[in-house]
Amino acid sequence: MRYFNEKAETMPREELSILQSTLLCQQIKHVYDNVELYRRRMDEKGISPEDIKGIEDLHKLPFTVKADLRDTYPYGMFAVPMEEVIRLHASSGTTGKQIVVGYTKDDIDIWSEICARALAAAGADKNDMVHVSYGFGLFTGGFGLYNGSEKLGSTAIPVSSGNTQRQVTIFKDFGSTVLCSTPSYAMHLAETMQSMGVRKEDISLKAGIFGAEPWTEEMRRKIEEMLGIKAYDIYGLTEVMGPGVSYECKYQCGMHVNEDHFIVEVIDPDTGKVLPEGETGELVFTSLTKKAFPVIRYRTRDIGKITKEKCTCGRTFLRMTKPMGRTDDMLIIRGVNVFPSQIETVLVERGFYTAYQIVVDRVDNSDTCEVKVELPPETSFETIGDLETISRNVSEALKSLLGIVAKVTLLEPNSIPRSEGKAVRVIDKRKLYS
């Protein structure tokens, strides 16, 4: 299957712009009438819904940031009565109060469709067995792809995360063909298969849809090699909808944003100025059709860029890059901006698996950086000197790319704790001093 909704996914851009303008005007009236924060912010800027004539006026509207959603916890941003809300989800709340979001029946239908589009773009159809290893519960990941699988008509296997050896057995016994999980958990599944003596030829997987955490092209290639699949990226945020905001097609040249439901902008994170197509900045999303919990110009803190160039697949939706990092988890080490994905690239290029941790500390008022990384199980060496050489070579490669000195500590295989959800890549101990 090439498309789930060919009419929408290949809509001429002129027609798409008209649709977006119509939906935006309706949405702004909806939030002004029903969300006190948006009404107050617009009044403060002297803007009324009548001032928004189309997408060309989007820049006039105020931004929404995560603090706004926490400050209105739990239901202050809801735009419909609670009797119309049929489901709640929430963010993890690891850095503060949870973000609680709601869905009407129509919202769930839309979410199911955009995830079905992602599955179809990855080659899935009603004959596939979709193995969902994202977590179920308040996290949006599991339910998004599960609903999408049902919408597509394929067979959903709602395994959730954890009990990894059992998941490998399900691969074999149930005939799973499409895996949906975080990329780090896909790697863990691949490693577990190897430890169980299960070859990629012993399972039926053909594709994987991976998201919810940053991952590199090098990691993509490793997953594809180890599982014998084609690995596709999917993007979404709890605050905007969940997974399915954008998705890759078979050409893997950026993620198509479902523009009939979302508008994406790229802004300068310092000034808030909207940047031209092709420039790198912070991604900002406006939900056009979600009614229970709509967001207007939500600042994601994800760094990326967009292009409207038509894709070979025939979809006309603009494409966004894989997030290149975040404005709020970017590490500044001795004055140098460092993204964990840069370190991962160096490690994977040198044959390491993606089990690693970056430990940043401050000693005698000076930042220190240690990269702990597991040796691949097949690594062979004769002397301690061999290990020292490997460590030194990786450290020199990191210094060449990043401009900082990082201590590289090589660990035995499987010594870094595995996560069943998002992997913990960074431990910044400097926060203890602030």
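Could you give the nm distance between label points at V363 and N127, where each point is 7 Å from its Cα heading toward the beta carbon?
About 5.9 nm, to one decimal.
Taking every pair of alpha-carbon atoms in the range 16-57, what share in percent sits in each 5 Å bin, from 0 to the bin with the longest distance?
6, 26, 31, 21, 11, 5, 0
Which cross-chain or sequence-distant (5 or more) residues have an amide H under 5 Å from the amide H of V408, H modelled 1.01 Å from N in plane?
Sorted by chain and number, the residues that satisfy this are V371.
For each pair in K222/K250; K97/K290; K230/K322; K200/K372; K29/K273; K151/K290, compute the distance between the two Cα atoms and list the pairs where it is over 21 Å.
Beyond 21 Å: K97/K290; K200/K372; K29/K273.
Please report, in whole Å, how far the alpha carbons of the range 86-190 spread along each principal axis, starting with the longest.
Extents along the principal axes, in whole Å: 39, 29, 20.
Per-residue counts of other Cβ atoms within 10 Å, averaged by peptide: what ranking do you get for 290-298, 401-409, 269-277, highest first? Each step should come with its number before you reach the end.
On the way: 290-298: 23.7, 401-409: 16.1, 269-277: 12.6.
Highest-to-lowest ranking by the protection proxy: 290-298, 401-409, 269-277.
Report the net charge of residues surrounding C249, where surrounding means a beta-carbon distance below 13 angstrom and charges are Lys +1, Arg +1, Asp -1, Glu -1.
+3
With all protein chains present, calculate the accessible area of F78 using a 1.4 Å probe and round the result to the nearest 10 Å².
The value for F78 is about 10 Å².
Against the longest principal axis of the chain, how steep is helix 217-227, in degrees 0 to 90 to the nearest 10, with axes from Cα atoms?
It works out to around 70 degrees.
Run the numbers on the chain and let me know its relative contact order in percent, using alpha-carbon pairs under 8 Å that are six or more apart.
14 percent
Provide the three semi-axes, in whole Å and in decreasing order, of the ellipsoid equivalent to the range 57-141 as defined by the square roots of 5 times the Cα gyration tensor eigenvalues.
On the way: eigenvalues 157, 58, 44 Å².
Its equivalent ellipsoid spans semi-axes of 28, 17, 15 Å.
Can you pull the percent of Cα pairs in the range 163-219 with separation above 12 Å?
On the way: 1062 of 1596 pairs.
Looking at the range 163-219, the distances longer than 12 Å represent 67 percent of pairs.
Give me, ordered by chain and number, the residues 5 or more places off V426 or on other chains with an amide H under 5 Å from its own placed amide H.
Placed amide hydrogens put I358 under 5 Å from V426.
The range 193-283: percent of C-alpha pairs farther apart than 17 Å?
That fraction is 62 percent.
Heavy-atom accessible area per residue, the chain, 1.4 Å probe: how many Å²? Provide the component values of the computation, followed by the final result.
Numbers: 18730 Å² over 434 residues.
Accessible area per residue: 43 Å².
What list of ³J(HN,Hα) couplings, whole Hz, do you get for the range 199-216 from phi and the Karplus terms 6.51, -1.76, 1.60, once you set θ to phi - 60° and write x for glycine and proline?
8, 4, 6, 8, 10, 10, 4, 10, 8, x, 10, 10, x, 6, 7, x, 8, 9
Whole Å is fine, so just give me how far the alpha carbon centre of the range 275-316 lies from that of the range 46-68.
16 Å
Run lengths n ≥ 4 of DSSP H only: what is the helix-derived mean residue ellipticity at 222 nm for the chain, with -39500 (n - 2.57) per run over all residues, to the nearest 500?
About -9500 deg cm²/dmol.
What are the extents of the Cα atoms of the range 211-359 along their three principal axes, in Å, largest first?
Principal axes ranked by extent give 44, 40, 30 Å for the Cα atoms.
Pulled fully out, how much extra length does the chain show between S400 and E201, if you take 0.36 nm times their separation in residues and subtract their Cα-Cα distance?
Values: separation 199, 0.36 × 199 = 71.64 nm, distance 3.90 nm.
Length gained between S400 and E201: 67.7 nm.
Could you work out the local net charge near E374, counting Lys and Arg as +1, Asp and Glu as -1, over the other residues with Cβ closer than 15 Å to its Cβ?
Summing Lys and Arg as +1 and Asp and Glu as -1 gives 0.
Which net charge results for the neighbourhood of S48, defined as the other residues with beta-carbon distances under 14 angstrom from its beta-carbon, given Lys and Arg at +1 and Asp and Glu at -1?
So the surrounding residues net to +1.
So if each residue of separation counts as 0.36 nm, and I subtract the Cα-Cα distance between E150 and K172, what length gain in nm does that give?
5.8 nm
Consider a paramagnetic label point 7 Å from the Cα of R87 along Cα→Cβ; state which residues of the range 112-137 have an amide N under 15 Å from it.
Hits in the range 112-137 for R87 at 15 Å: 112-117, 132-137.
Can you give the Kirkwood hydrodynamic radius of the range 1-126 from its Cα pairs, in Å with one decimal?
17.0 Å
Using only Cα atoms, what Kirkwood radius does the range 291-411 have, in angstroms?
Radius from the Kirkwood sum: 17.3 Å.
Taking the DSSP beta bridges in the chain as the whole, what percent of them are antiparallel, to the nearest 5? Before the final figure, lay out the partial values.
On the way: 39 of 62 bridges.
If we restrict to bridges inside the chain, about 65 percent are antiparallel.
Can you pull the Kirkwood radius for the chain, inverse mean 1/r over Cα pairs, to one decimal in Å? Could the numbers behind the result be given before it?
Values: mean 1/r = 0.0437 Å⁻¹.
22.9 Å is the Kirkwood radius here.
Calculate how steeply helix 140-152 sits against the longest principal axis of the alpha-carbon atoms of the chain, using the helix alpha-carbon long axis, and give the answer as 0 to 90 degrees to the nearest 10.
The angle comes out near 70 degrees.
For the chain, take the longest principal axis of its alpha carbons; what is the angle in degrees between that and the long axis of helix 384-402, to the nearest 10 within 0 to 90?
The angle comes out at about 30 degrees.
May I ask you to list the aspartates and glutamates whose Cα is less than 15 Å away from that of K7, ignoring any residue fewer than eight positions away on the same chain?
E15, E113, E259, D260
The values are calculated or read from the model by the stated rules, or taken from the named source; none is laboratory data. Just so it is clear, the structure is predicted and the values come from calculations on it, not from any experiment. So basically every Cβ, Gly included, is an ideal-geometry build from the backbone, and we count neighbours across all protein chains shown. What goes into the accessible areas is simple: the full protein's heavy atoms, side chains included, and nothing from ligands, DNA or RNA. Shrake-Rupley method; radii C 1.70, N 1.55, O 1.52, S 1.80 Å.
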